[in-house]
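The values are calculated or read from the model by the stated rules, or taken from the named source; none is laboratory data. Remember, predicted model here, so these are calculated numbers, not experimental data. We place every Cβ from the backbone using ideal geometry, glycine too, and count neighbours over all the protein chains shown.
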Amino acid sequence: MNLDQIFQLANATALAGWLVLLASPLAPVWSDRIAGYAIPLVLALAYTALVAVHFGGADGGFGSLDDVATLFTQRETVLVGWIHFLAFDLFVGGWEVRTARAERIPFLLVVPCLVFTFLLGPVGLLLFIALRAARRARASRSATP
């Protein structure tokens with residue numbers, strides 16, 4: 001399988017996970033298992049295999065911004081980095097859905113967080129954390145006499 005095929009397969013797999021997360025109110029247990037754990041695990045395994053094959057002889061590194069820039073000038077390491085994002089962002093999205101369900105946050109409020117997590121990872125995480133904080137503050141104000 002060449003790098004372009006791995007890229008396409010990883011993207012399609014991650015996208016399937018995000019679609020399962022969006023359907024999570026209909027099948028929460030399966031959503032947790034598939035999108036929350038199984039797909040991120042498959043992506044993590046692919047990531048690990050690609051790291052083992054391609055990182056040993058790669059130019060660059062993590063010691064400076066210039067080293068990182070050099071590291072990600074190679075298609076193989078760009079693919080590794082991309083799969084890293086796919087796996088972690090989907091895992092975070094699964095955590096957001098599970099946490100929202102446990103804290104009884106309406107799913108429609110979580111959807112924008114998921115969209116931002118899908119597109120801009122940490123922005124979606126920040127939005128979800130802000131949503132949780134706002135709901136806790138609101139509950140705290142309504143609980144005090």
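Figures for the structure shown
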read-out	value
Only listed residue being of a type in the set (A, V, I, L, M, F, W, C) and closer than 21 Å to TYR37 by Cα, chosen from PHE55, PHE107, PHE62	PHE107
Top-ranked residue in the stretch 20-54 [being loosely packed, with under 15 Cβ neighbours inside 10 Å and over 30 Å from VAL97 (Cβ atoms); ranked as nearest to the chain's Cα centre (by Cα)]	ALA52
Residue list for the stretch 57-114, restricted to those being loosely packed, with under 13 Cβ neighbours inside 10 Å, of a type in the set (A, V, I, L, M, F, W, C) and assigned to a loop (DSSP other than H, G, I, E, B)	PHE62
TRP30 vs. criteria in a helix (DSSP H, G or I) and closer than 20 Å to GLY121 by Cβ	no
Any hit, the stretch 39-54, residues being outside any helix (DSSP H, G or I) and without any contact (Cβ under 8 Å) to a residue 40 or more places away in the chain	no
Condition check for THR117: polar (S, T, N, Q), modelled with pLDDT of 95 or more and either surrounded by 14 or more Cβ atoms within 10 Å (Cβ to Cβ) or out of contact with any Phe, Trp or Tyr (no Cβ under 7 Å at 6 or more places or on another chain) (or both)	yes
